[in-house]
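Where a number appears in this text, it was derived from the coordinates with a stated rule and is not lab data. Model, not experiment: these values are computed from the prediction. Using ideal geometry, Cβ is built from the backbone for each residue, glycine included, and neighbour counts are taken over all protein chains shown.
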Amino acid sequence: MAETICRTLRDGGLEGEHAPALAIKDSVASSFGLDVFSHVLTQLSNYILAGKSQSRGLVVVAFRRSPSFYVNLLKERGIDVNHKWIRILDCYTDPLGWKELLNVKELSQEASTLSSICRDVRDLDKLYSSIIELGKGLIGQEKGRFSVAIDLVSKMLRHAPISSVAILLSNLRSHDQVSSIFWLLHSDLHEVRVSAVLEYLSSMVASIEPIIATTIGKKGDLENLSWLEQNFRKGKFHVRFKRRNGRVRVMCEELHAELSGINFTSVSSEDGIINQRLIPKVQFNLQLSEKEQTERAKVVLPFEHQGNGKPIQIYDGRRSISDNKNEETLVSTGILQTDEDTGKGEIIYFRDSDDEMPDSDEDPDDDLDI
């Protein structure tokens, strides 16, 4: 699931569409937000360097960590860091311009070659212009796109109202040279309406929650402390995808924090058993019988299986003349055979056009011929 997020950011948006946007939410109960942000940043950087991403460069807007932190992070992951594909807008070192008045310099030489300092984070119009300028500097005069990563929107909200921040994010998403954008938010520091606005602006929302909810200060504190220890090592990773057709898909994984980074795994069997117990007792059967399971297994799913040894067809909304003639011939000669003899059903799937990516988030039910 985490890889699905990274692939979506890698593929970018279609012409005329807003760029894919990922909002990462964490809280003090499960504070793995920066780890997830770093994971997505690393994966997207690998795609850019390998030439597999729609974007040709990456602009990191650093509010929470210094530019040196991101330079060292990418180097530790074996990624070549140079000014040709990444630039860092430094909103961490001197966000209000006070250090400039004192002539304080803290940037390392390597980080300074990759970064530009923003000395007034309250001016979001200037911040927006700086991001676009850095991005255009990466792709040059050629027609290309770049990605934007904002490591902590909560810092922005300390100096600007939510309306101004929302306008900034919306303008970045709608810019024709922005391929994708993602940001981190500490949700427990803001009102619910603030989180709702930022979720509305995003096409993917990744929420990090504790494995076990704890209540310190009540009876059973020793047991709560053991649960807290588990929450420091792992958490639940809920992702909500908004599809182009308006539908929403929700997925869940577990994330485990390690020295080398974080790993994502499927939900443990214990959690699955607990979830089964939480299913309400109803008078109708929610499980499939053995016969129903067998019949379901015989159905060939439509995810790009069409074309086994034959050219892939593109469905334009009309049936071709050759198809109609072939069908008439089969009916007249009595050769037309149903799948009742084979005991196997088949679903035929035609892609609408070459613009539809394989295994895209579009609902395949819209293109089925059963």
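Strictly over 32 Å apart at the Cα level, which of 25/136; 236/298; 25/126; 75/99 would you flag in this model?
Pairs exceeding the cut-off: 236/298.
What is the Cα centroid distance between region 74-89 and region 91-105, reported in whole angstrom?
24
Please work out the Cα center distance from region 125-145 to region 170-184, rounded to the nearest Å.
With region 125-145 and region 170-184 each reduced to a Cα centre, they are spaced 12 Å.
If you stretched the chain out fully between residue 252 and residue 14, how much longer would it get, using 0.36 nm times the residue separation minus the C-alpha to C-alpha distance?
That pair, residue 252 and residue 14, stretches by 83.0 nm at full extension.
Of the options 31, 165, 256, report the single residue whose Cα projects farthest towards the positive end of the charge dipole of region 2-277 (beta-carbon charges: Lys, Arg +1; Asp, Glu -1).
165
List the residues, sorted by chain then number, that are 5 or more residues from residue 234 or on another chain and whose placed amide H is less than 5 Å from its amide H.
257
Calculated FRET efficiency, residue 266 and residue 101, Cβ-Cβ r, R0 51 Å, to nearest 0.05?
Computed FRET efficiency for residue 266 and residue 101 comes out at 0.45.
What's the exposure ranking of 291, 298, 25, going from fewest to most Cβ atoms within 10 Å?
Ascending number of Cβ neighbours within 10 Å: 291, 298, 25.
For region 1-156, count the residues as N, evaluate 2.2 N^0.38 Å, and divide the Cα radius of gyration by that value, please.
1.03
Explain nothing, just the number: relative contact order of region 2-277, from Cα pairs under 8 Å at least 6 residues apart, as a whole percent.
The normalised contact order for region 2-277 reaches 24 percent.
If you bin the C-alpha pair distances of region 2-277 every 10 Å from 0, what whole percents do you get?
6, 28, 35, 21, 8, 2, 0
With a point put 7 Å past each Cα toward its Cβ, work out how far residue 289 is from residue 75 in nm, to one decimal.
Label-label distance for residue 289 and residue 75, simple model: 6.7 nm.
Would you order 91, 6 from fewest to most other beta-carbon atoms within 10 Å of each residue's own beta-carbon?
6, 91
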